[in-house]
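**Student:** Structure below; questions to follow.
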Amino acid sequence: SQQGEEDPQALSIQEGENATMNCSYKTSINNLQWYRQNSGRGLVHLILIRSNEREKHSGRLRVTLDTSKKSSSLLITASRAADTASYFCAPSTGGADGLTFGKGTHLIIQP
Amino acid sequence: DAGVTQSPTHLIKTRGQQVTLRCSPKSGHDTVSWYQQALGQGPQFIFQYYEEEERQRGNFPDRFSGHQFPNYSSELNVNALLLGDSALYLCASRRGWYNEQFFGPGTRLTVL
């Protein structure tokens, strides 16, 4: 299994601004998933991007993947107070391996 | 379509006791994984079940065991509870090896 490292560890922006967080990993992957977690609750699946994809969109979310740099980014546009949460990336080789998570990026949206 | 469900929501136990947590996967999913999340940390992989067998295990002692039933639901058992086992326990399910993994709301276990 392999672990993603999110950066920055914490991010505070004003409502309406865009938020960008990054993820780096060490070895080749089959796919990478992004999750959101509100305080003390389960992880909500946001998006899965496969190794042969470079960019993917879902509503206000835009995810990019650069396999040559072993990195991914998550952009949230026009942020809202409800976007306040921790965000985790999970790179995966697939198969029976479990996902390995870093400490996440803690995003705070100021009203 | 119900997502991943877990029970109970909260649980309080004392050191040395045993606990069983339950998980029902999302409809159509056949693979169930369990994770432990301590406060302020990311989830840590405990093990994964597929076709009623443990397929992969993380760095957890044998006190942590599990089971998957023919209907794909799963249980996590923890014996001889320690204070350090206090955490949010998350169940996740998926269909196949390379698809999205969806998480349940978790069970908050407190060991006193």
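The values are calculated or read from the model by the stated rules, or taken from the named source; none is laboratory data. All of these numbers come straight from a predicted model, not from anything done at the bench. Positions of Cβ are backbone-derived with ideal geometry, glycine not excepted, and every protein chain shown enters the neighbour counts. All accessible areas refer to the heavy atoms of the entire protein, side chains included, with ligands and DNA or RNA removed. Shrake-Rupley method; radii C 1.70, N 1.55, O 1.52, S 1.80 Å.
**Student:** Output the residues belonging to the stretch A:61-111 that are of a type in the set (Val, Ile, Thr), open to solvent by less than 10 Å² (accessible area, probe 1.4 Å) and under 21 Å from residue B:99 (Cβ atoms).
**Tutor:** A:63
**Student:** If you don't mind, there's one more thing I want to ask. Name the pairs whose Cβ atoms lie under 6 Å apart, with the first residue in the stretch A:30-44 and more than 7 Å from every other protein chain (Cβ to nearest Cβ), the second charged (D, E, K, R), and 6 or more positions between them or separate chains?
**Tutor:** Cβ pairs passing all conditions: A:44/A:36.
**Student:** Where in the stretch B:1-79 are there strands (runs of 3 or more DSSP E), lying wholly inside it, with at least 1 residues that are exposed (fewer than 13 other Cβ atoms within 10 Å of the Cβ) and without any contact (Cβ under 8 Å) to a residue 24 or more places away in the chain?
**Tutor:** By residue number, B:53-57.
**Student:** Which residue pairs have Cβ atoms under 6 Å apart, sit 6 or more places apart or on different chains, and have a first residue in the stretch A:71-100 that is within 15 Å of residue A:48 (Cβ to Cβ) and a second that is surrounded by 19 or more Cβ atoms within 10 Å (Cβ to Cβ) and among the charged types (D, E, K, R)?
**Tutor:** A:87/A:36; A:89/A:6
**Student:** Oh, and also: Return the residues of the stretch A:48-87 that are in a strand (DSSP E or B) and among the small types (Gly, Ala, Ser); say none if nothing qualifies.
**Tutor:** A:58, A:71, A:72, A:73, A:85, A:86, listed by residue number.
**Student:** Here's a check for you: in the stretch B:96-112, which residue that is of a type outside the set (A, V, I, L, M, F, W, C) and outside any loop (DSSP other than H, G, I, E, B) is nearest to residue A:47 (Cα to Cα)?
**Tutor:** B:107
**Student:** When you look at residue B:98, is it open to solvent by 10 Å² or more (accessible area, probe 1.4 Å) and within 10 Å of another protein chain (Cβ to nearest Cβ), yes or no?
**Tutor:** Judged against the criteria, residue B:98 is a match.
**Student:** Filter the stretch B:80-95 down to residues that are touching a Gly at 6+ places or on another chain (Cβ under 9 Å) and part of a loop (DSSP other than H, G, I, E, B) and give me whichever is farthest from residue A:101 (Cα to Cα).
**Tutor:** Once the filter is applied, the top-ranked residue is B:80.
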